[in-house]
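Notes follow once the structure below has been shown.
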C-alpha cells in the first residue's frame with residue numbers, strides 16, 4: 001500500500017510538472033471551455049444550458065484519450081515497465097494508477113467549470129448532483145479504461161495518435177458535445193451511440209433536468225460495463241516490453257470493448 005501511495009503521488013505530480021500532461025489535463029480543456037463559453041454560449045442558448053456537462057465531457061476526452069496513452073507507451077518503449085517488473089510492481093498498478101491520477105485532475109477541472117460557468121455564462125447547475133457524480137464516475141471509468149487499452153495495444157507512439165484520434169475526432173463530430181445528437185440523421189445517430197461521449201452527454205442531460213435521447217440508466221450501464229471490460233482486456237493483453245513477442249491474446253480482442261456500445265444501440269428512446 002505504501003508503494004502504491006508513492007507511485008500515485010509521483011504520477012499526480014507528473015501530471016502537473018510535465019508540460020504535455022499539464023496541457024492535456026488543464027490548459028487545453030479550460031482554454032476550450034472559456035472559448036466556448038464566451039463565444040458559442042452567447043450565440044446559442046441551447047448550448048448554454050448544457051455548457052457544464054459538455055465541457056466536463058470534453059475535458060475528460062482530452063485528459064484520457066489524448067493524454068493518457070502516450071506516456072504509458074513511451075514508458076514501455078524506454079524499458080521503465082521492465083524495471084517495474086523486476087521490483088515486483090504488478091501490471092494492474094501500472095494501468096490503474098495513471099487512470100486514478102488523471103481522474104483526480106479531471107475532478108479539479110470539473111469543479112472549476114461547475115463553479116465558474118454559472119458566474120461567467122449564466123449556465124444552469126445540475127438539479128441532481130448525486131446523479132451527476134454517478135454519471136461522472138461511470139464516464140471516467142469508461143474513458144480511462146479505453147485509454148489504457150489503447151496504450152496496451154498501440155505498438156508505438158505513432159500508433160497511439162492513430163488510435164486516439166480514431167476515438168476523439170468522431171466524438172467531436174457526433175458525440176453530442178457541440179450539438180445534440182437529436183440533430184443527426186438516424187444512421188449517424190446509431191453510429192454516435194457507439195461513442196462513450198454520447199452516453200455521457202445523454203446521462204448528464206438527465207442530471208440537468210433536460211430531456212434525454214434515450215434512457216439515461218442505460219447509458220450509465222453501458223459506460224460502466226465498457227470501462228470494466230476495457231480494464232480487464234488491458235490487463236490481459238498487457239506486455240512489459242515493446243519487443244515482447246509473447247502475448248496472452250491477439251490485440252484484436254480489444255474490439256470486444258465495443259460490445260456494450262453495440263448493445264447500447266438497442267436502448268429505447
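Of all residues in segment 46-84, those satisfying the criterion of being farther than 30 Å from residue 125 by Cβ and not in a helix (DSSP H, G or I) are 78, 79.
Residues in segment 139-160 that are within 19 Å of residue 197 (Cα to Cα) and surrounded by fewer than 23 Cβ atoms within 10 Å (Cβ to Cβ): 141 alone. Quick check, is residue 203 touching a helix residue (DSSP H, G or I) at 6+ places or on another chain (Cβ under 6 Å), free of Cβ contacts under 8 Å to residues at least 24 places away in the same chain and buried (at least 18 other Cβ atoms within 10 Å of the Cβ)? So residue 203 fails the test.
Test residue 111 against the stated conditions and say whether it is within 18 Å of residue 204 (Cβ to Cβ) and either surrounded by fewer than 14 Cβ atoms within 10 Å (Cβ to Cβ) or at pLDDT below 90 (or both).
Values: within 18 Å of residue 204 (Cβ to Cβ): yes; either surrounded by fewer than 14 Cβ atoms within 10 Å (Cβ to Cβ) or at pLDDT below 90 (or both): yes.
So residue 111 passes the test.
Of the helices (runs of 4 or more DSSP H) entirely within segment 122-209, those holding at least 1 residues that are under 12 Å from the mean Cα position of the chain (by Cα) occupy 129-153, 157-174, 196-207.
Here residue 77 meets the list (1) over 18 Å from the mean Cα position of the chain (by Cα); (2) over 20 Å from residue 157 (Cβ atoms); (3) at pLDDT below 90 almost entirely, failing just condition (2).
The values are calculated or read from the model by the stated rules, or taken from the named source; none is laboratory data. What you see is a predicted model; the values in this text were computed from it and never measured. All Cβ positions, even for glycine, are placed from backbone atoms using ideal geometry, and neighbour counts span all protein chains on display.
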